[in-house]
Amino acid sequence: MHARSALFDVYGDHLVAHQNVAAVADLVRLLAPLGIAAPAVRTAISRMVTQGWLASATVDGARGYAATPQAVRRLDESATRIYQRQPRAWDGSWQLVFVAPYADRSTRAAVLRDLPFLGYAELADRVWVSPFARAELDTTLHRVGASATTAVAEDFDPAHAPVQAWDLDALGSAYATWRQVAADHVEADLAAHDDPEEAAYAARFRLVHEWRKFLFTDPGLPPELLPRDWPGHRANAYFQVESERLRPDATTFVARTLQTS
């Protein structure tokens, strides 16, 4: 587990109830149960400040960092998708995004990284598709130095062409595999800590961390576009139950950790 992605999880899943801010010492303590050392945490913080995700803040007289408005928007969107229990209603139309020629390789790489996170797939070179208009599209494109024109399409020939922009076979297999190993990982984390609250925190943290990776590969297609007996439904049901089961003790551990500042 990388320190940068773990910090996103800390802010997105645990610090929302604490004004999205924490002292550096708190962040170090919150990542220690995951085996992430203090130097790695501090290096990740520095990079996230440079990238505009964190801003310097003072917490009870100590040096700390707050999630920026940009980060809060991204984390709120992620949380909505992670804990969304009911699928969104779909009107049958598709949003097409025609990205302008890239200014340089770094802009292209950023688009190829960030648009899949929002739920888009590349239908053709610089042409992206999604069954829903994504609220973060304009902000994301602006942040990476790209621009685009959008359109709405209601008919495709062949009709299944947009769905083929995603590799649903690979995604379904990934869900099935994740579901098989997730329970073992939860039990291993629970057994690795003597403190039951710390154990629940570590187990839930890893569960959410691994589940969050599907945000980069799963566009959240409406049920009518998914294969019958979609493995993602069973994986989602397991995640929702387990994350809620572990939440109370994990929340207590976080509050206890922040109070020790």
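Values quoted throughout were computed directly from the atomic coordinates according to the rules given, and no laboratory measurement underlies them. As the structure is a computational prediction, the values presented were derived from the model and not from experiment. Here Cβ is always computed from backbone atoms with ideal geometry, including for glycine, and neighbour counts include all displayed protein chains.
Rounded to the nearest whole Hz, the Karplus-based 3J(HN,Hα) values (6.51 cos²θ - 1.76 cosθ + 1.60, θ = phi - 60°) of region 112-117 follow the sequence 5, 7, 8, 5, x, 4, with x at glycine and proline. In loop segments of region 201-245 as defined by DSSP, the trypsin sites (Lys or Arg not before Pro) with at most 10 further C-beta atoms inside 10 Å of their C-beta are Arg228.
Couplings for region 224-240, taken from phi via the Karplus curve 6.51 cos²θ - 1.76 cosθ + 1.60 with θ = phi - 60°, read 5, 9, 9, x, 5, 6, 5, x, x, 5, 5, 5, 5, 4, 5, 4, 4 Hz in order; Gly and Pro are left as x. Shape class for the chain: oblate, because the ratio a/c of the largest to smallest gyration tensor axis (alpha-carbon atoms, square roots of eigenvalues) is 1.5 or more and b/c is at least a/b. A crude spin-label estimate for the pair Gln51 and Ala161, with each label 7 Å from Cα along the Cβ direction, gives 3.5 nm. Shape of region 3-72 from its Cα gyration tensor (a ≥ b ≥ c, root eigenvalues): rounded if a/c is under 1.5, otherwise prolate when a/b > b/c, or oblate? Rounded.
Phi-derived couplings, Karplus 6.51 cos²θ - 1.76 cosθ + 1.60 at θ = phi - 60°, listed residue by residue for region 142-152: 4, 4, 8, x, 10, 9, 7, 10, 10, 8, 10 Hz, with x used for Gly and Pro.
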